[in-house]
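Structure first, commentary second.
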Amino acid sequence: FVIAVLAIVLGLTLRQKTNTFKTTFIARCERFKGYDCENIWVAFEQAYVGQDACNVPMEAYDHLVTNMGLFKPACNRMMFWSKTKDVVHDFTKKRDCFLTLEDTILGSVLDSLTWCGKEGSSDTFTTGCPEWNYCENNPVRSFWKSASSAFADVACGNVTAMLNGSIPTPFHPASIFGSIEVKRLNSTRTRSLNVVLVTQKNMLTNCTNASLKELEKALDEGIKYNCKEVTESQIQDCSSNEDIPCGACW
Ligand code: AVW
(Lines give C-alpha, C1' and ligand atoms only; values in the text may rest on other atoms or scores of the structure.)
Protein backbone atom coordinates (compact mmCIF):
# COMPACT_ATOMS: atom_id res chain seq x y z
CA PHE A 1 0.00 0.00 0.00
CA VAL A 2 2.78 2.43 1.01
CA ILE A 3 4.56 1.66 -2.24
CA ALA A 4 1.36 2.25 -4.21
CA VAL A 5 0.87 5.66 -2.55
CA LEU A 6 4.50 6.59 -3.20
CA ALA A 7 4.16 5.54 -6.83
CA ILE A 8 1.06 7.68 -7.27
CA VAL A 9 2.67 10.69 -5.59
CA LEU A 10 5.79 10.27 -7.72
CA GLY A 11 3.63 9.85 -10.83
CA LEU A 12 1.73 13.02 -10.05
CA THR A 13 4.99 14.89 -9.39
CA LEU A 14 6.33 13.85 -12.78
CA ARG A 15 3.04 14.67 -14.48
CA GLN A 16 3.21 18.05 -12.76
CA LYS A 17 6.70 18.57 -14.23
CA THR A 18 5.43 17.97 -17.77
CA ASN A 19 2.50 20.26 -17.16
CA THR A 20 4.57 23.08 -15.70
CA PHE A 21 7.00 22.93 -18.60
CA LYS A 22 4.20 22.69 -21.14
CA THR A 23 2.34 25.56 -19.47
CA THR A 24 5.42 27.76 -19.75
CA PHE A 25 5.91 26.66 -23.37
CA ILE A 26 2.32 27.45 -24.36
CA ALA A 27 2.18 30.73 -22.41
CA ARG A 28 5.39 32.00 -24.01
CA CYS A 29 4.23 30.78 -27.42
CA GLU A 30 0.91 32.61 -27.15
CA ARG A 31 2.69 35.96 -26.84
CA PHE A 32 3.14 35.53 -30.62
CA LYS A 33 -0.12 35.92 -32.51
CA GLY A 34 -1.24 33.70 -35.36
CA TYR A 35 0.45 30.42 -34.41
CA ASP A 36 -1.06 27.10 -33.35
CA CYS A 37 0.91 26.61 -30.12
CA GLU A 38 -0.59 23.21 -29.30
CA ASN A 39 0.57 21.99 -32.70
CA ILE A 40 4.05 23.46 -32.15
CA TRP A 41 4.20 21.73 -28.75
CA VAL A 42 3.37 18.34 -30.30
CA ALA A 43 6.07 18.81 -32.96
CA PHE A 44 8.52 19.87 -30.23
CA GLU A 45 8.00 17.05 -27.77
CA GLN A 46 8.12 14.31 -30.39
CA ALA A 47 11.83 15.17 -30.79
CA TYR A 48 12.91 13.92 -27.34
CA VAL A 49 10.02 12.28 -25.44
CA GLY A 50 10.72 8.61 -24.69
CA GLN A 51 14.34 8.98 -25.84
CA ASP A 52 17.54 8.53 -23.88
CA ALA A 53 18.63 12.09 -22.91
CA CYS A 54 22.05 11.60 -24.51
CA ASN A 55 20.69 10.20 -27.73
CA VAL A 56 18.73 13.07 -29.26
CA PRO A 57 20.56 14.31 -32.38
CA MET A 58 19.85 17.71 -33.89
CA GLU A 59 17.95 15.98 -36.72
CA ALA A 60 15.28 15.03 -34.19
CA TYR A 61 14.12 18.65 -34.40
CA ASP A 62 14.03 18.75 -38.22
CA HIS A 63 10.26 18.52 -38.41
CA LEU A 64 9.73 21.28 -35.82
CA VAL A 65 12.38 23.57 -37.20
CA THR A 66 11.97 23.18 -40.96
CA ASN A 67 8.36 22.17 -41.63
CA MET A 68 6.39 24.54 -39.43
CA GLY A 69 7.30 27.88 -41.01
CA LEU A 70 8.69 29.29 -37.77
CA PHE A 71 11.74 30.99 -39.28
CA LYS A 72 11.05 33.85 -41.61
CA PRO A 73 13.85 35.87 -43.15
CA ALA A 74 14.31 39.39 -41.80
CA CYS A 75 16.80 40.75 -44.31
CA ASN A 76 19.32 43.27 -42.96
CA ARG A 77 18.00 42.85 -39.40
CA MET A 78 19.39 39.47 -38.42
CA MET A 79 21.65 39.51 -35.39
CA PHE A 80 24.01 36.72 -34.37
CA TRP A 81 26.00 36.76 -31.16
CA SER A 82 28.56 34.83 -29.15
CA LYS A 83 29.44 35.45 -25.47
CA THR A 84 27.33 38.62 -25.48
CA LYS A 85 23.92 37.17 -24.52
CA ASP A 86 22.90 39.83 -21.98
CA VAL A 87 23.95 42.96 -23.86
CA VAL A 88 22.51 41.80 -27.18
CA HIS A 89 19.14 40.78 -25.73
CA ASP A 90 18.85 43.91 -23.63
CA PHE A 91 19.22 45.78 -26.91
CA THR A 92 16.87 43.67 -29.07
CA LYS A 93 14.16 43.63 -26.38
CA LYS A 94 14.13 47.41 -26.07
CA ARG A 95 14.60 48.37 -29.73
CA ASP A 96 13.22 46.92 -32.95
CA CYS A 97 16.49 47.32 -34.87
CA PHE A 98 17.60 43.68 -34.97
CA LEU A 99 16.24 40.18 -34.53
CA THR A 100 18.14 37.43 -32.69
CA LEU A 101 17.19 33.75 -32.64
CA GLU A 102 15.84 34.32 -29.13
CA ASP A 103 13.43 36.95 -30.48
CA THR A 104 11.85 34.44 -32.88
CA ILE A 105 8.94 32.37 -31.60
CA LEU A 106 10.87 29.12 -31.00
CA GLY A 107 13.96 30.78 -29.58
CA SER A 108 11.90 32.96 -27.29
CA VAL A 109 9.79 30.04 -26.04
CA LEU A 110 12.80 27.87 -25.17
CA ASP A 111 15.31 30.51 -24.05
CA SER A 112 16.84 29.53 -20.66
CA LEU A 113 14.76 26.36 -20.36
CA THR A 114 16.05 22.83 -19.72
CA TRP A 115 14.15 19.72 -20.77
CA CYS A 116 14.66 16.06 -21.54
CA GLY A 117 12.80 12.79 -21.88
CA LYS A 118 13.44 9.31 -20.57
CA GLU A 119 13.22 5.91 -22.23
CA GLY A 120 9.88 4.28 -21.50
CA SER A 121 8.26 7.53 -20.34
CA SER A 122 6.03 10.01 -22.15
CA ASP A 123 6.92 12.82 -19.73
CA THR A 124 9.04 15.91 -20.12
CA PHE A 125 11.57 16.31 -17.32
CA THR A 126 13.18 19.56 -16.23
CA THR A 127 15.60 18.18 -13.65
CA GLY A 128 18.17 15.43 -13.95
CA CYS A 129 18.78 16.38 -17.59
CA PRO A 130 22.33 16.30 -18.99
CA GLU A 131 24.42 19.47 -18.74
CA TRP A 132 25.34 21.18 -22.02
CA ASN A 133 28.75 19.46 -22.29
CA TYR A 134 27.88 16.14 -20.58
CA CYS A 135 27.05 14.52 -23.90
CA GLU A 136 26.84 15.98 -27.39
CA ASN A 137 23.38 14.70 -28.30
CA ASN A 138 21.36 16.09 -25.41
CA PRO A 139 17.91 17.54 -26.17
CA VAL A 140 18.77 21.14 -25.26
CA ARG A 141 22.08 21.38 -27.11
CA SER A 142 20.65 19.62 -30.17
CA PHE A 143 17.71 22.00 -30.22
CA TRP A 144 19.94 25.09 -30.22
CA LYS A 145 22.13 23.61 -32.93
CA SER A 146 19.08 22.84 -35.05
CA ALA A 147 17.37 26.20 -34.49
CA SER A 148 20.63 28.10 -35.12
CA SER A 149 21.05 26.25 -38.43
CA ALA A 150 17.55 27.21 -39.54
CA PHE A 151 18.05 30.81 -38.42
CA ALA A 152 21.33 31.12 -40.34
CA ASP A 153 19.82 29.43 -43.41
CA VAL A 154 17.32 32.27 -43.83
CA ALA A 155 19.85 35.06 -43.18
CA CYS A 156 19.91 37.61 -45.97
CA GLY A 157 21.33 40.97 -46.89
CA ASN A 158 23.64 42.55 -44.35
CA VAL A 159 23.82 40.52 -41.16
CA THR A 160 25.31 41.56 -37.84
CA ALA A 161 27.14 39.62 -35.13
CA MET A 162 27.81 40.95 -31.63
CA LEU A 163 31.02 39.46 -30.28
CA ASN A 164 32.69 40.00 -26.93
CA GLY A 165 35.73 42.29 -26.98
CA SER A 166 36.47 41.68 -23.30
CA ILE A 167 37.77 38.14 -23.82
CA PRO A 168 41.03 37.10 -25.53
CA THR A 169 39.33 35.18 -28.38
CA PRO A 170 36.01 36.74 -29.40
CA PHE A 171 35.53 34.15 -32.15
CA HIS A 172 35.51 30.49 -31.16
CA PRO A 173 35.26 28.02 -34.07
CA ALA A 174 33.64 25.50 -31.69
CA SER A 175 30.85 27.84 -30.55
CA ILE A 176 27.41 27.62 -32.14
CA PHE A 177 28.11 30.85 -33.97
CA GLY A 178 31.45 29.51 -35.26
CA SER A 179 30.59 25.89 -35.89
CA ILE A 180 27.09 26.28 -37.32
CA GLU A 181 25.91 29.78 -38.12
CA VAL A 182 28.99 31.19 -39.89
CA LYS A 183 29.27 28.07 -42.02
CA ARG A 184 25.68 28.29 -43.19
CA LEU A 185 25.73 31.91 -44.30
CA ASN A 186 25.42 31.72 -48.03
CA SER A 187 26.77 34.37 -50.40
CA THR A 188 23.76 34.13 -52.71
CA ARG A 189 21.57 35.41 -49.86
CA THR A 190 23.95 37.20 -47.49
CA ARG A 191 25.85 40.24 -48.68
CA SER A 192 27.93 41.06 -45.62
CA LEU A 193 28.75 40.08 -42.06
CA ASN A 194 29.22 43.08 -39.81
CA VAL A 195 30.92 42.30 -36.54
CA VAL A 196 30.13 44.58 -33.63
CA LEU A 197 32.93 43.95 -31.16
CA VAL A 198 31.51 44.97 -27.81
CA THR A 199 34.23 46.59 -25.73
CA GLN A 200 34.41 47.90 -22.19
CA LYS A 201 36.38 50.93 -21.08
CA ASN A 202 39.53 48.84 -20.66
CA MET A 203 39.57 47.25 -24.09
CA LEU A 204 41.16 43.80 -24.17
CA THR A 205 40.61 42.98 -27.83
CA ASN A 206 40.15 44.96 -31.03
CA CYS A 207 39.21 44.16 -34.61
CA THR A 208 42.78 43.10 -35.45
CA ASN A 209 42.42 40.07 -33.13
CA ALA A 210 43.70 36.82 -34.69
CA SER A 211 40.46 34.95 -33.99
CA LEU A 212 38.56 37.52 -36.07
CA LYS A 213 40.90 36.83 -39.00
CA GLU A 214 39.81 33.20 -38.67
CA LEU A 215 36.19 34.30 -38.78
CA GLU A 216 36.80 36.29 -41.95
CA LYS A 217 38.47 33.27 -43.55
CA ALA A 218 35.63 30.94 -42.55
CA LEU A 219 33.06 33.03 -44.45
CA ASP A 220 31.68 31.86 -47.76
CA GLU A 221 33.56 33.59 -50.56
CA GLY A 222 31.58 36.61 -51.71
CA ILE A 223 30.34 37.65 -48.27
CA LYS A 224 31.92 40.96 -47.29
CA TYR A 225 33.37 41.23 -43.81
CA ASN A 226 33.42 44.30 -41.60
CA CYS A 227 34.32 44.81 -37.97
CA LYS A 228 33.73 47.74 -35.65
CA GLU A 229 34.64 48.25 -32.01
CA VAL A 230 31.69 49.61 -30.09
CA THR A 231 31.57 50.33 -26.36
CA GLU A 232 28.94 48.64 -24.25
CA SER A 233 27.71 52.03 -23.03
CA GLN A 234 27.14 53.17 -26.62
CA ILE A 235 24.92 50.13 -27.16
CA GLN A 236 23.09 50.78 -23.90
CA ASP A 237 22.51 54.42 -24.93
CA CYS A 238 20.90 53.18 -28.12
CA SER A 239 18.85 50.60 -26.19
CA SER A 240 17.31 53.26 -24.01
CA ASN A 241 16.98 56.09 -26.52
CA GLU A 242 14.31 55.58 -29.20
CA ASP A 243 15.36 58.87 -30.81
CA ILE A 244 18.61 57.38 -32.06
CA PRO A 245 17.87 55.74 -35.44
CA CYS A 246 18.94 52.09 -35.70
CA GLY A 247 21.48 52.99 -38.35
CA ALA A 248 23.14 55.48 -36.01
CA CYS A 249 23.65 53.15 -33.03
CA TRP A 250 27.23 52.48 -34.13
P1 AVW B 1 27.84 31.27 -26.39
P2 AVW B 1 27.40 30.56 -29.15
N3 AVW B 1 26.54 25.22 -20.81
O4 AVW B 1 27.76 32.62 -25.72
O5 AVW B 1 28.17 31.13 -30.29
C6 AVW B 1 25.26 25.64 -20.91
O7 AVW B 1 29.11 30.50 -26.24
O8 AVW B 1 27.69 29.16 -28.79
O9 AVW B 1 27.56 31.56 -27.94
N10 AVW B 1 24.80 26.32 -21.95
C11 AVW B 1 25.66 26.63 -22.91
C12 AVW B 1 27.01 26.26 -22.91
C13 AVW B 1 27.44 25.53 -21.78
N14 AVW B 1 28.72 25.14 -21.66
N15 AVW B 1 27.60 26.73 -24.03
C16 AVW B 1 26.65 27.37 -24.70
N17 AVW B 1 25.49 27.31 -24.03
C18 AVW B 1 24.23 27.87 -24.44
C19 AVW B 1 22.35 31.05 -30.98
C20 AVW B 1 23.77 28.85 -23.44
O21 AVW B 1 22.38 28.99 -23.55
C22 AVW B 1 22.29 32.48 -31.47
F23 AVW B 1 21.77 32.47 -32.74
C24 AVW B 1 24.48 30.08 -23.89
O25 AVW B 1 23.87 31.26 -23.43
C26 AVW B 1 23.73 32.98 -31.44
O27 AVW B 1 24.06 33.58 -32.69
C28 AVW B 1 24.33 29.95 -25.38
O29 AVW B 1 24.45 28.56 -25.62
C30 AVW B 1 24.57 31.77 -31.17
O31 AVW B 1 23.69 30.64 -31.15
C32 AVW B 1 25.34 30.72 -26.16
O33 AVW B 1 26.65 30.33 -25.90
C34 AVW B 1 25.24 31.85 -29.82
O35 AVW B 1 25.85 30.64 -29.52
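The values are calculated or read from the model by the stated rules, or taken from the named source; none is laboratory data. Values in this document were obtained by computation on a predicted structure and should not be read as measured data. Quick reminder, even Gly has a Cβ in these numbers, built from the backbone with ideal geometry, and neighbours come from all protein chains shown. Note: areas computed on protein heavy atoms with side chains; ligands, DNA, RNA excluded. Shrake-Rupley method; radii C 1.70, N 1.55, O 1.52, S 1.80 Å.
Length gained on full extension, E221 to I26, computed as 0.36 nm times the residue gap minus the Cα-Cα distance: 66.1 nm. Other residues with beta-carbon under 9 Å from the beta-carbon of G157 carry, at +1 per Lys or Arg and -1 per Asp or Glu, a net charge of +3. Ligands, DNA and RNA left out, the accessible area of the chain computed with a 1.4 Å probe is 52% carbon and sulfur. Calculated accessible area for the chain comes out at 51 Å² per residue, all protein chains present (probe 1.4 Å; ligands, DNA, RNA ignored). Helix 2-29 against the longest principal axis of the chain: what's the angle in degrees, Cα atoms only, rounded to the nearest 10? For 2-29 against the chain, the angle is about 30 degrees. For region 68-173, averaging the sequence separation of C-alpha pairs within contact (under 8 Å, six or more residues apart) and dividing by the residue count gives a relative contact order of 43 percent. Considering only alpha-carbon pairs that sit under 8 angstrom and 6 or more positions apart, the relative contact order computed for the chain is 20 percent. The listed peptides 68-75, 85-92, ordered by packing as a protection proxy, come out as 85-92, 68-75 (highest mean of other Cβ atoms within 10 Å first). Modelled spin-label separation between N241 and L113, with each label point placed 7 Å from Cα along the Cα-to-Cβ direction: 3.8 nm.
Take the Cα of S187, step 7 Å toward its Cβ, do the same at L10, and the gap between the two points is 5.9 nm. Picking from F71, P170, W250, whose Cα lies most toward the positive end of the charge dipole for the chain (charges on Cβ: Lys, Arg +1; Asp, Glu -1)? After comparing all options, I get W250. Charge tally around K85: other residues with Cβ under 10 Å, Lys/Arg +1 each, Asp/Glu -1 each, net -3.
Among the listed pairs K22/K85; K118/K183; K83/K224; K72/K94, those whose Cα-Cα separation exceeds 27 Å are K118/K183. Of all the options N158, N186, N209, the one that moves most in a Gaussian network model of the chain with Cα springs shorter than 10 angstrom is N209. Count the net charge of all other residues whose Cβ sits under 14 Å from the Cβ of D237, scoring Lys and Arg as +1 and Asp and Glu as -1. Result for the neighbourhood of D237: -2. For the pair V2 and S179, label points projected 7 Å from Cα toward Cβ lie 4.8 nm apart.
Magnitude of the charge dipole for the chain, about its Cα centre and with charges confined to Cβ atoms of Lys, Arg (+1) and Asp, Glu (-1), is about 240 debye. Of the GluC sites (Glu not before Pro) found in region 165-250, the ones in coil according to DSSP and having at most 15 other Cβ atoms within 10 Å of their Cβ are E221, E242.
Between D90 and C135, the contour length at 0.36 nm per residue exceeds the Cα-Cα span by 13.1 nm.
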